[in-house]
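Here the structure is laid out as structure tokens; the discussion comes afterwards.
What follows draws every value from the coordinates through simple rules; no lab data is involved. Worth saying up front: this structure is predicted, and the values here are computed from it rather than measured. Note: ideal-geometry Cβ built from the backbone for every residue, glycine included; neighbour counts use all protein chains shown.
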Amino acid sequence: MWAPFVKHFPDRRLIRFDAPGTGRSTTPPFPIPVAALSGLAAAVLDECSADCADVLGFSYGGAVAQQFAFEHPHRVRRLVLAATTCGLHGIPGSPNAMAGLVTPLRYYSPTYFDRTAAATFGGATGRDTSVRRRMMETRRKNPPTPYGYAMQLLGATGWTSWSLLPRIPHETLVICGDDDPLIPVENAQLLARRLPRARMEIVPGAGHLFLWDDVDNLVARIGRFLDPPQPAEDVTPADDYELSAIRLQHEADDAGRAASA
């Protein structure tokens, strides 16, 4: 599912893993809580000899990313939280969207996915039949087992990052779509308010699956955050004057602080 997103970052090393019960990972006999998945993410970085990384968490992965940033702050450079929530204290999605998550049937039945995609995910997936067909073909390759899917849902029960958010120190991009029936925009606003160094972007017309069905747009936004453009070396005389004035002001402030000390 990440392939369309990954190909836009040819110069970056991207590390992905299937959580237990999903994709090609084995199914656990019991629910694995979010904190344990955070530890697993750290183990994945260890296995890949990666001391530090930019971390992108999408949806359920956003919960893991928040927990990971809190527990392993030295291993995170910048943090991206996409279409996600703080868990308890968050704003639930619409009843139809939440009902669509109860069963993994959408991974097995194209008819069911086609019938429920608009109410569950919104965005281009909900509006465009061709997007739904492409998404369905991808999802059917490595679907979760029903038991593994249930273990995932149970693993998130009771989790919240509410008290952790003010203690996450990283520069963070909180990004969401305004047509996401599963994770309403209010969740991004809540995260952005409680994170000390967060910026928020709301993507018009985007739904829950915007990393796949609006990939060019999202890659541009996330890429600008992870690798912000460097200031130009050449400046106009006016710019040079303004920069000099700023430097003089900083020197005056430093002198004032030294005199006070």
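Report, in debye and to the nearest 20, how large the dipole of the chain comes out about its Cα centre when Lys and Arg carry +1 and Asp and Glu carry -1 on their Cβ.
Working: 26 positive and 28 negative charges, 258 e Å.
Dipole about the Cα centre, nearest 20: 1240 debye.
Equivalent-ellipsoid semi-axes (√(5λ), Cα gyration tensor) for the chain, whole Å, largest first?
Its equivalent ellipsoid spans semi-axes of 38, 22, 18 Å.
Classify the stretch 82-155 as rounded, prolate or oblate from the Cα gyration tensor: take a ≥ b ≥ c as the square roots of its eigenvalues, call it rounded if a/c is under 1.5, otherwise prolate when a/b beats b/c and oblate if not.
Oblate shape, in that a/c is at least 1.5 and b/c is the bigger or equal ratio.
If amide H atoms are built 1.01 Å from N in the plane of the peptide, which residues on other chains or at least 5 residues away come under 5 Å of the amide H of Leu56?
It is Val80, by chain and number.
Which FRET efficiency, nearest 0.05, do His89 and His8 yield, Cβ-Cβ r, R0 51 Å?
Details: r = 34 Å, r/R0 = 0.66.
Given R0 = 51 Å and the Cβ-Cβ separation, E is 0.90.
Please list, in order along the stretch 79-86, the HN-Hα scalar couplings obtained from phi with the Karplus expression 6.51 cos²θ - 1.76 cosθ + 1.60 (θ = phi - 60°), rounded to whole Hz, x for Gly and Pro.
Result, rounded to whole Hz: 10, 10, 10, 10, 6, 9, 8, 8.
For helix 215-226, what angle does its Cα long axis make with the longest principal axis of the chain, in degrees from 0 to 90 and rounded to 10?
In the chain, helix 215-226 runs at an angle near 40 degrees to the longest axis.
Taking the chain as a Gaussian network, where each spring joins two C-alpha atoms under 10 Å apart, which residue of Ala50, Ala82, Ala206 fluctuates the most?
Among Ala50, Ala82, Ala206, the largest GNM mean-square fluctuation belongs to Ala50.
With label points built 7 Å along Cα→Cβ from the Cα atoms of Glu47 and Arg199, find their separation and express it in nm.
Calculated label separation equals 3.4 nm.
Need one word for the stretch 1-113: rounded, prolate or oblate. Basis is the Cα gyration tensor (sqrt eigenvalues a ≥ b ≥ c); a/c below 1.5 gives rounded, then a/b vs b/c decides. Don't jump to the answer; show the numbers that get you there.
On the way: a/c = 1.60, a/b = 1.43, b/c = 1.12.
Taking the square roots of the gyration eigenvalues as a ≥ b ≥ c, the stretch 1-113 is prolate.
On a 0 to 90 degree scale, rounded to 10, what angle separates helix 185-194 from the longest Cα axis of the chain?
40
What list of ³J(HN,Hα) values in whole Hz, one per residue of the stretch 12-23 in order, does the Karplus curve 6.51 cos²θ - 1.76 cosθ + 1.60 (θ = phi - 60°) give from phi, with Gly and Pro shown as x?
The phi angles translate into 10, 8, 10, 10, 10, 9, 8, 5, x, x, 10, x Hz.
Which angle from 0 to 90°, rounded to the nearest 10, does the C-alpha axis of helix 129-139 make with the longest principal axis of the chain?
Compared with the principal axis, the helix lies near 80 degrees.
Anyone know which of Asp18, Asp178, Asp213 comes out most mobile in the 10 Å Cα GNM of the chain?
Fluctuation is largest for Asp18.
Could you tell me which of Pro20, Ile32, Gly61 has its Cα farthest along the dipole of the stretch 1-91 towards the positive end, charges placed at Cβ (Lys, Arg +1; Asp, Glu -1), taken about the Cα centre?
Comparing the listed Cα positions along the dipole, Gly61 ranks first.
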